[in-house]
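What follows is a short report on a single structure.
The values are calculated or read from the model by the stated rules, or taken from the named source; none is laboratory data. Values in this document were obtained by computation on a predicted structure and should not be read as measured data. Every residue, glycine among them, receives a Cβ derived from its backbone with ideal geometry; neighbour counts consider all protein chains shown. The protein model used for the area step is the full one, side chains on, heavy atoms only, and it has no ligands, DNA or RNA in it. Shrake-Rupley method; radii C 1.70, N 1.55, O 1.52, S 1.80 Å.
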There are 2 protein chains.
Amino acid sequence: MTTESPRLRADARRNVEGIRAAALDVFRTQGLNCPLDEVARAAGVSKGTIYHRFGGRQGLIDAVVEDLVAERIRGIIAAATEVPDPVERFETYLRQIWLLQYDEPAANDVLLRALPGSAPVAALCEHASTMAAGFLAEAQAAGGIREDLTPDDVYLLIWERGIIARACDQQPREGYRRRLEFTLRGLRTTT
Amino acid sequence: MTTESPRLRADARRNVEGIRAAALDVFRTQGLNCPLDEVARAAGVSKGTIYHRFGGRQGLIDAVVEDLVAERIRGIIAAATEVPDPVERFETYLRQIWLLQYDEPAANDVLLRALPGSAPVAALCEHASTMAAGFLAEAQAAGGIREDLTPDDVYLLIWERGIIARACDQQPREGYRRRLEFTLRGLRTTT
DNA sequence: ACGGTTCTTGACCATGACGTCAAGTAACGC
DNA sequence: GCGTTACTTGACGTCATGGTCAAGAACCGT
């Protein structure tokens, strides 16, 4: 996937890389819905080139999503898996995902499933959802999380946070973080 | 305020009323940020007339906000005040406000303070915030709500719900309602 | 019924985004 | 070098919104 087509003229190859790099940069800070002109300008090419090379926003996202956010999300899943206590594991997962949504608008866009037609993105979400469902089940089995919480609820909790994080522009991170704990508290069976 | 200027030509008066009525209708279902052309079309006048008569969106909102949402919000405050138990009172208030945000996009826009320059709107918010702070203090005094919850937190909880309600288009009301209880649960001291 | 005044209209400008394509430019093979 | 082909450009068309204003329409007093 990284080694595009077999033969690509030198300047084209250069541009593809430049665009990818620029997209990583711009998407990272502005989210996946930023104007493509921004990316083009950052890459020092014209908008047309992006359309020509990647076929539009969708294609460009597919080309960078792995480097852009997959690592982060997988990292969070892995880190959570390490936590021995099931309840703490579930909560750690949620907390980290929620913070990621605040910190990285691009990851947030992915988790919000705002990119309907993208295979890699869909796969990533699928994986995250599956793991989340597992963490939830284990935490519930351990008795620490309300029994009536469903995997769908967990997805919606993440979706809701994402919507909020998107609008959070001004809100300081600390306040956001603090309110996460209120929400978590509402999912527990114990005090 | 309702009886505009002393002398207004008959057609103008008719139009003002028509526009107000149309605005109530359109704002109610689409929120306060809908294109003004919509309102104009619904009123059977041209966009220019709205600008001429009301000076723009802001003025139009000021002219209808009272009939549009003030009543609802004040009603919720009044209903909550009736509840004898302080904790239940606080929770009733939040629940009702949250549901209002789901049911009426216009009210939501008001509560989100998305209309910076409008005096009536600001006054309404101010009143709601003050009452909310009171309910909170009483609920805390009764020992049913976390001590570390501040009036600011309450405002933000409402703000967050508003952002969510706005994006909720599809989400069924029942699910929204159900998740409110999770959030409320997170604010309590008791189980 | 007519003139003067008030009102309304809808075409117009501006913005900011997406997406396209003919024409110009640059690399590559020979 | 030089022609051929691949590649890039940026102006252009489009859409959706906000907002303005000269010119025409409607009203009202006399």
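A few comments on the model shown:
- The requirement of being in contact (Cβ under 8 Å) with a residue 40 or more places away in the chain, open to solvent by 20 Å² or more (accessible area, probe 1.4 Å), away from every other protein chain (no Cβ under 11 Å) and of a type outside the set (D, E, K, R) is fulfilled somewhere in segment A:124-136, by at least one residue.
- Subset of segment A:31-42 that is within 10 Å of DNA strand C (Cβ to nearest atom) and surrounded by fewer than 19 Cβ atoms within 10 Å (Cβ to Cβ) - its residue that is farthest from A:Ala107 (Cα to Cα): A:Asp37
- Checking B:Pro172 against (1) free of Cβ contacts under 8 Å to residues at least 40 places away in the same chain; (2) within 14 Å of chain A (Cβ to nearest Cβ); (3) open to solvent by 70 Å² or more (accessible area, probe 1.4 Å); (4) within 18 Å of the chain's Cα centre (by Cα), the condition it does not meet: (4)
- From the options A:Ile19, A:Ile50, A:Ile61, residue that is touching a residue at least 60 places away in the same chain (Cβ under 8 Å) and either of a type in the set (A, V, I, L, M) or away from DNA strand C (no atom under 13 Å from the Cβ) (or both): A:Ile61
- Of all residues making up segment B:140-169, the number that are away from chain A (no Cβ under 11 Å), open to solvent by less than 20 Å² (accessible area, probe 1.4 Å) and of a type in the set (Gly, Ala, Ser): 1
- A:Gly186 being within 25 Å of A:Ala106 (Cβ to Cβ) and either touching a Ser or Thr at 6+ places or on another chain (Cβ under 6 Å) or within 11 Å of chain B (Cβ to nearest Cβ) (or both): no
- Taken over segment A:96-110, the criterion of being over 16 Å from A:Arg57 (Cα atoms) and open to solvent by less than 10 Å² (accessible area, probe 1.4 Å) is satisfied by A:Ile97, A:Trp98, A:Leu100, A:Gln101, A:Asn108.
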